[in-house]
Amino acid sequence: MKIAVVGAGAWGTAFALTLVDRHAVTLWTWQREHCESMRAARENREFLKGYALPATIGIEHDLSRALDGAELAIVATPVAALRATLQSMTRIAPVPVVWLCKGFETGTSRFPHQVADETLDRSVPRAALSGPSFADEVARGLPAAITLASPDAAFAERAARALHGPRLRIYSSDDLTGVEVGGAVKNVMAIAAGVSDGLGLGLSARAALITRGLAEMTRLGVRLGGRTETFLGLSGAGDLILTCTGDLSRNRRVGLALATGAPLPKVLADLGHVAEGVPTAREVRALARRHDVEMPVTEAVCRLLDGEITAAQAAEMLLKRDPGAEHRGY
């Protein structure tokens, strides 16, 4: 199959590397200089240094050339660039689309699938790919398993089979809403887990936080139409556990830095990469309030990000909550 990977950040590049042994792959970047650099070095030194790009991977700056003859497009841009990217692709060719981004579109509060619904023709198959995976580990060929979700169950199964590899296992789902809620909320919880670890609250506290975070994710997701079992799977609990515990997690690193008292602008500047949990936290809180869903961990993270409370006060705020039945409102 001829596949265009649209977006040459760390995850897009890593995903292209998983496909090259089985498919004809083209990697597209919007920056001409970035394209020329990767062609010359056969390496993405800006976003995924240390991994050679085989000569069989095409590298393009021209989107029309990247999509020429493509049977599937893997969109690996941030959510902020998804709408413009899909609009550009639609003007070129109606290629089936799978996106890798997680979170919300700034300004509209749309999930990626809602952006796609507003941008793509109804006849164009579309899906989200989400789950516990770090770009660096995938690029190294370490085992991982993720979920591909589409409202078209047949397309989900076909696309999952095509992308499934010996080291990157891909399972299909038709619960697109549930998968995207999990992909968004887990980043907020990772900030909270980083704060907990940064404050030295211990592994027991982190485990409790992850578990209560899963409860928040499930409450919101089910209210929005997702299924409970989705949140107990790879794109829910799986991604949540990885992002809250893995040292490669950008959002966890944001929480660790905030626990030291560093101001958010400096934390983000030092990070040097997009941490989707920061804008996502406020969107999740707004969505929860609109649907009358209780999400105390999310509320505490938002207040910390907004500078209303310190990291220690955020932890104290959660510890002072009244106990109740564990599965109330689950």
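Assorted remarks:
- Mean projected area of the convex hull spanned by the Cα atoms of the chain, taken over all viewing directions: 15.9 nm².
- For segment 94-165, the spread of Cα positions along each principal axis, largest first, Å: 36, 30, 18
- Folded to 0 to 90 degrees: helix 153-163 orientation relative to the chain principal axis, Cα: 70
- FRET efficiency, 1/(1 + (r/R0)^6) with R0 45 Å, evaluated for Asp247 and Lys320 via beta carbons: 0.90
- Segment 196-258 and segment 22-81 have Cα centres lying 31 Å from one another.
- Degrees, to the nearest 10: 176-198 long Cα axis against longest axis of the chain: 50
- FRET efficiency for Met1 and Leu271, using Cβ-Cβ distance with R0 set to 41 Å, rounded to 0.05: 0.70
- Ranking Trp30, Trp11, Trp99 from most to least accessible surface, computed with a 1.4 Å probe over the protein chains only, gives Trp30, Trp11, Trp99.
- Taking 26 Å as the straight-line reach from the Cα of Lys102, the lysines in range (excluding those fewer than 8 positions away in the same chain) are Lys2, Lys49, Lys186, Lys266.
- Given charges at beta-carbon only (K, R positive; D, E negative), |dipole| of segment 138-218 in Debye: 400
- Summed over qualifying helices (DSSP H, 4 residues or more, each -39500 (n - 2.57)) and divided by its residue number, the chain shows a 222 nm mean residue ellipticity of -15500 deg cm²/dmol.
- Per residue, segment 233-330 exposes an accessible area of 51 Å² to a 1.4 Å probe, with every protein chain left in place.
- Over segment 147-220, all Cα pairs binned in 10 Å intervals from 0 give whole-percent P(r) values of 19, 33, 27, 18, 3, listed from short to long.
- Atom-type composition of the exposed protein surface of the chain places 52 percent of the accessible area on carbon and sulfur (1.4 angstrom probe).
- Spacing of the two label points (7 Å from each Cα toward its C-beta) at Arg65 and Arg42, in nm: 1.9
- Remark: accessible surface ordering of Asp292, Asp68 (largest first) is Asp292, Asp68, probe radius 1.4 Å.
- Helix 203-223 axis, angle to the chain major axis (alpha carbon atoms, nearest 10°): 70
- If you take all other residues with their beta carbon under 11 Å from the beta carbon of Arg290, and give Lys and Arg +1 and Asp and Glu -1, the sum is +1.
- For Glu216, net neighbour charge (Lys/Arg +1, Asp/Glu -1) across residues whose Cβ lies under 12 Å away: +3
- The label-point distance for Trp30 and Leu203, in a model that sets each label 7 Å from Cα toward Cβ, rounds to 4.3 nm.
- With all protein chains kept in place, the per residue accessible area of segment 44-106 amounts to 44 square angstrom at a probe of 1.4 angstrom.
- Pairwise alpha-carbon distances in segment 230-322 exceed 19 Å for 47% of all pairs.
The values are calculated or read from the model by the stated rules, or taken from the named source; none is laboratory data. What you see is a predicted model; the values in this text were computed from it and never measured. Because the Cβ atoms are built from the backbone with ideal geometry, glycine has one as well, and the counts that use them run over all protein chains shown. These accessible areas exclude ligands, DNA and RNA; they are computed on the full protein's heavy atoms, side chains included. Shrake-Rupley method; radii C 1.70, N 1.55, O 1.52, S 1.80 Å.
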